[in-house]
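One structure below.
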Amino acid sequence: MAVSTFRRGLKLSGRKHATEGKPVELIPAPRQVTIPINQHFGAPNKPLVSIGDKVIRGQKIADAAAPGPMTVPVHASISGIVKKIEPRTQSNNTDGLCIIIEASQEESSAEQEILLPPLDISTCTREEALARIREAGILGMGGAGFPSHIKLSPPSDKPIDLIIADGAECEPYLTTDEAAMTEKPHMLIKGLAIVMKITGVGKAIIGMEDNKKNLIPMIEREIRVADMSGSISIGLCKTLYPQGGEKMLITALTGREVPSGGLPMDAGCIVQNVGTLIAIAEAFVLGKPLIDRDLTVSGGACKTPKNIRAPIGTLLKDAPVEFMDIDTDKLAKIIFGGPMMGSAVPSLEIPIQKNTSGIILMTKKETIAELEGPCIRCSRCIRNCACRLSPVIMSNSIETGDLDYAVKAGLMDCIECGSCTYVCPARIKLVQRFRTGKQKIKMRQAATLAKGVKNV
């Protein structure tokens, strides 16, 4: 099988050996979960329960007051009593409203579960299928948190001819997508079939890096026995960071390029993470909302690295030591997500969310020096940018307050992969500056819009 790729990128040490090939282990039932009510990219939700209410696993506990197109609900991940509804720190290092559920003493959360009725994709309408995906609370599990039912509803002027299942998993340490494809290849194919039916697209490709080529026979077997219309194939890509980025994967598999300021739909593609596709299949076949999350826990300060399945809202600190042994003396940094694109958090008091792909417990030896130096104009950031941008120009423009020039230099096309920060010999925190710049632009746009409304 031919191996494709994209231009530039980084050859990183995978550091996946600690969990590679390991099965997903179910974390012991937590006595308490802290569930953020806003885990999606869109309008805010509101609690549907009150303090003291009894809830059952799978019950909807938060949704938008007037459900809009960019909203998805949140469900209880354990059965118990609502103890608190208050702001807590989340993995993006901001405080957000959370519902704290304490498991009931008299019953196990595994004994009760509210499920949706199974839905047959061959007989339901497209609207019913999209409503099921939203009602199940499914969003992009690769990290962005974009509502899946919106991604599967492209405008009529954006014809789609290809669905791509993103199984590249290019981030170091992370192996949860590999574990999902190993353990649930039938649900992956089922999820792809559902998405193809909804969108009316007859072709799909499962993209993965060549460090996972051992999975090809079992996935091809599931494709052969699947009862579906359309064509599903496997596209093998070079192990190169950030191969798992939507834009990079589209280019590697198709040769197409997402235009500046555009989305995958502008290249005729819809890209879904393999975990998201499996969640979609479970929502139809089992009627299960997105209430559990598979993730990798690894790093030098983790004595028992493994792939785990945890209820949404679980705090890693609550896992029993015999299940998850953490060397707190060596722990220097905690990353939610992968080490390249993830967020450093202050403690283990951070809840696992729908888009938490991993928790990396790093020693001081694994971290990169924090002290910044002056830019030496080496151009390494430019040579290694997979999006072919000019990070140094973007950074200088943001520092001088010239946001318009930063945008012209490609700021809004930056996928925040962290490659530029990784190769910078001065250790300049380029990605953090780009995130700050984007936030300033959004605030400026919001202020302009508010002023326009006021003048009207």
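The values are calculated or read from the model by the stated rules, or taken from the named source; none is laboratory data. Quick caveat, the model's predicted, so the values are computed rather than measured. Because the Cβ atoms are built from the backbone with ideal geometry, glycine has one as well, and the counts that use them run over all protein chains shown. To get the accessible areas, we keep the full protein, side chains included, count just its heavy atoms, and leave off ligands, DNA and RNA. Shrake-Rupley method; radii C 1.70, N 1.55, O 1.52, S 1.80 Å.
Criterion applied to 300, 275 was being assigned to a helix (DSSP H, G or I) and touching a Lys or Arg at 6+ places or on another chain (Cβ under 9 Å), and the one residue passing it is 275. Got at least one residue in region 245-252 being part of a loop (DSSP other than H, G, I, E, B), touching a helix residue (DSSP H, G or I) at 6+ places or on another chain (Cβ under 9 Å) and of a type in the set (D, E, K, R)? Scanning region 245-252, I find no residue that is part of a loop (DSSP other than H, G, I, E, B), touching a helix residue (DSSP H, G or I) at 6+ places or on another chain (Cβ under 9 Å) and of a type in the set (D, E, K, R), so the answer is no. Taking the conditions (1) more than 13 Å from the chain's Cα centre (by Cα); (2) within 18 Å of residue 354 (Cβ to Cβ) in turn, residue 138 satisfies each one other than (1).
When residues in region 406-456 are screened for being touching a strand residue (DSSP E or B) at 6+ places or on another chain (Cβ under 6 Å) and either open to solvent by 60 Å² or more (accessible area, probe 1.4 Å) or of a type in the set (A, V, I, L, M) (or both), 0 of them pass.
Screening 25, 20 for residues that are touching an Asp or Glu at 6+ places or on another chain (Cβ under 9 Å), open to solvent by 20 Å² or more (accessible area, probe 1.4 Å) and modelled with pLDDT of 95 or more leaves exactly one candidate, 20. Could we say that residue 259 is over 23 Å from residue 174 (Cα atoms), under 18 Å from the mean Cα position of the chain (by Cα) and either of a type in the set (Val, Ile, Thr) or not in a helix (DSSP H, G or I) (or both) here? Spelling it out, it is not the case that residue 259 is over 23 Å from residue 174 (Cα atoms), under 18 Å from the mean Cα position of the chain (by Cα) and either of a type in the set (Val, Ile, Thr) or not in a helix (DSSP H, G or I) (or both). Against the criterion of being assigned to a strand (DSSP E or B), small (Gly, Ala, Ser) and either closer than 15 Å to residue 311 by Cβ or touching a residue at least 12 places away in the same chain (Cβ under 8 Å) (or both), residue 96 qualifies.
Do the conditions hold for residue 384, that is, is it within 24 Å of the chain's Cα centre (by Cα) and among the polar types (S, T, N, Q)?
yes
Pairing residues of region 361-390 that are touching a residue at least 60 places away in the same chain (Cβ under 8 Å) with residues that are among the charged types (D, E, K, R) and part of a helix (DSSP H, G or I), at Cβ distances under 8 Å and at least 6 apart in sequence or on separate chains, gives 386/247; 387/247; 387/413. Assessment of region 85-100 against the conditions (in contact with a Lys or Arg (Cβ under 7 Å, 6 or more places away or on another chain), open to solvent by 60 Å² or more (accessible area, probe 1.4 Å) and under 30 Å from residue 252 (Cα atoms)) yields no matching residue. Only a single item in (1) buried (at least 17 other Cβ atoms within 10 Å of the Cβ); (2) at pLDDT below 95; (3) within 21 Å of residue 144 (Cβ to Cβ) is not met by residue 62, and it is number (2). The residue that is modelled with the lowest pLDDT, among those in region 351-375 that are in a loop (DSSP other than H, G, I, E, B) and closer than 20 Å to residue 303 by Cα, is 367.
I'd like to know if region 390-403 contains one or more residues that are part of a loop (DSSP other than H, G, I, E, B) and within 25 Å of residue 273 (Cα to Cα). Quick ask: steps written out before the conclusion?
Start the filter on region 390-403 by keeping residues that are part of a loop (DSSP other than H, G, I, E, B), which leaves 390, 400-402.
Subsequent filtering for residues that are within 25 Å of residue 273 (Cα to Cα) retains none.
No, region 390-403 contains no residue that is part of a loop (DSSP other than H, G, I, E, B) and within 25 Å of residue 273 (Cα to Cα).
One residue is enough: does region 277-285 have a residue meeting the conditions open to solvent by 20 Å² or more (accessible area, probe 1.4 Å), over 21 Å from residue 203 (Cβ atoms) and either at pLDDT 95 or above or aliphatic (A, V, I, L, M) (or both)? Within region 277-285, one or more residues are open to solvent by 20 Å² or more (accessible area, probe 1.4 Å), over 21 Å from residue 203 (Cβ atoms) and either at pLDDT 95 or above or aliphatic (A, V, I, L, M) (or both). Take the conditions in contact with a Ser or Thr (Cβ under 6 Å, 6 or more places away or on another chain) and crowded, with 22+ Cβ neighbours inside 10 Å and apply them to residue 209. Does it pass? Yes, satisfied. Candidates are the residues of region 376-389 that are open to solvent by less than 60 Å² (accessible area, probe 1.4 Å) and part of a helix (DSSP H, G or I); the one that is nearest to residue 423 (Cα to Cα) is 381.
Scanning region 295-325 for residues that are open to solvent by 30 Å² or more (accessible area, probe 1.4 Å) and touching a residue at least 24 places away in the same chain (Cβ under 8 Å) returns 300, 303, 309, 317, 318, 320.
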